[in-house]
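Undergrad: Next up is a structure, given as structure tokens.
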Amino acid sequence: MRASHSPVCSSRCLLLTAEEELHWLALRLVPGLGTRTAAKLLERFRTPEALFRCSRSELEAAGLPPGLARTLSSGCSFEDAVSQQEIMREKGVQCVPLTDPRYPARLREIFDPPVLLFARGRIELLGSLMLGVVGTRRPTPYGLAVAERLAADLARAGLTIASGMARGIDTAAHNGALSAEGDTVAVLGCGVDVIYPSENRRLAGLIAEKGLILSEFPMGAPAYPQNFPIRNRIISGMSAGVLVVEGAQYSGSSITARLALEQGREVFAVPGSIVSKMSWGPNLLIKQGAKLVQDFNDVVEELAPEDRRALAAGKQAGLFDAQGETQANGRASKFESPACPRILEKLRVETSTHIDDLLGLLDDLSSSEIIAALFELELAGAVRQLPGKNFVKVW
């Protein structure tokens, strides 16, 4: 159901003039002006330009507290808006206001949609069918493997993978979509020109080039802890559903799942071990009625009929073909080292194995033979090395 407070979209907003953009930026930067209040003002006055032409008394008559009415009518935020506009030009960032037809339709329907989005990359992805994939920042090897595999399969099926570019499950989801040459959107809890966490600098560059980086926070905004629950409503709000891979019972991913339910979105969860704290969140969601996910089809079949039709144009057939080809290639793979098949038998997807343990399991092989074989398996994409000389089999 469309929220009644949303201003009517106008096709003229598709390409903002520099002056219009400046007014939107100034509105976003008014100190103390919340999202809901800004949306109500836009519903009444239609444009930021009209808002800034209002007198203090007119703004107070519209329900603003005297102090906030005085701040808005003074136009004090325009200086910061000019600086923001200059940085946006330098970084190749566009702003998408609530009234812009490119603004995600699902996001516009939530209780408190952002008044302004900052977008860096392929802005056309705002109109694509998205699925949120979220989870813990401290995943198990099982969680990483599952997130990357499911994200890749769902991206091949035609869904755009939306996540938060945090370390852990978010990073795995983005990497999975990119590995499948699919689409992905990273929603940040900071400015789109701020890389957080810093270790994801390369990933951010890839997403800016092949996908989209999105935020409601202005340029240069730091990654304050309180920003992340705020950004989570965008991930769920833009998406047809949210898939939770791993997370503790009261984790950020559980908060995102709750937001998705409040927004009328589908909630999916990947089951995990009952003795793992990282599985408490998704297992509880399944217990409460979330859809249990074992493969990408469990997600696709729960989508609305119109969404499934949007994916039907050869996407799923292409996925099955790709999987079949991958499996066939895997069976036919010829490794130079005879140790490779034996190492693959010992490694697991769900738990990592330290190299010392591997040496103990294959005591008839020398350490140099095992290290060479592991290197060959890594190059082939069959094995991944984790920190501390731990290895897992790639699912």
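The values are calculated or read from the model by the stated rules, or taken from the named source; none is laboratory data. Worth saying up front: this structure is predicted, and the values here are computed from it rather than measured. Cβ sites come from the backbone with ideal geometry, for glycine too, and all protein chains shown count toward neighbours.
Undergrad: What number of residues within the stretch 88-110 are more than 17 Å from ALA26 (Cα to Cα) and touching a Lys or Arg at 6+ places or on another chain (Cβ under 6 Å)?
TA: Residues flagged as more than 17 Å from ALA26 (Cα to Cα) and touching a Lys or Arg at 6+ places or on another chain (Cβ under 6 Å) within the stretch 88-110 amount to 1.
Undergrad: Moving on to the next point. Please go through the stretch 137-153 and give me each residue that is buried (at least 24 other Cβ atoms within 10 Å of the Cβ) and among the β-branched types (Val, Ile, Thr), ordered by number.
TA: Hit for the stretch 137-153 is VAL146, nothing else.
Undergrad: What's the total number of residues in the stretch 85-123 that are within 16 Å of the chain's Cα centre (by Cα) and of a type in the set (D, E, K, R)?
TA: Count: 3.
Undergrad: Of these, GLY135, GLY121, GLY75, which one is at pLDDT 95 or above and of a type in the set (Gly, Ala, Ser)?
TA: GLY121
Undergrad: Filter the stretch 24-47 down to the residues that are in contact (Cβ under 8 Å) with a residue 40 or more places away in the chain and part of a helix (DSSP H, G or I) and list them by number.
TA: Scanning the stretch 24-47 gives TRP24, LEU25, ALA26, LEU27, ARG28, THR35, ARG36, ALA38, ALA39, LEU42.
Undergrad: Name the residue, out of ARG149, ARG137, ARG102, ARG120, that is part of a strand (DSSP E or B) and touching a residue at least 24 places away in the same chain (Cβ under 8 Å).
TA: ARG120
Undergrad: Give the stretch 154-184 a look and list any residue that's part of a helix (DSSP H, G or I), crowded, with 23+ Cβ neighbours inside 10 Å and among the aliphatic types (A, V, I, L, M), or say none.
TA: Across the stretch 154-184, the qualifying residues are LEU154, ALA155, ILE169, ALA172, ALA173, ALA177.
Undergrad: How many of the residues in the stretch 244-256 are touching a Pro at 6+ places or on another chain (Cβ under 9 Å), of a type in the set (A, V, I, L, M, F, W, C) and touching a residue at least 40 places away in the same chain (Cβ under 8 Å)?
TA: 2
Undergrad: Then there is this: Those residues that are within 15 Å of MET130 (Cα to Cα) and not small (Gly, Ala, Ser), I need them from the stretch 182-204; list them, please.
TA: Matches in the stretch 182-204: ASP183, THR184, VAL185, VAL187.
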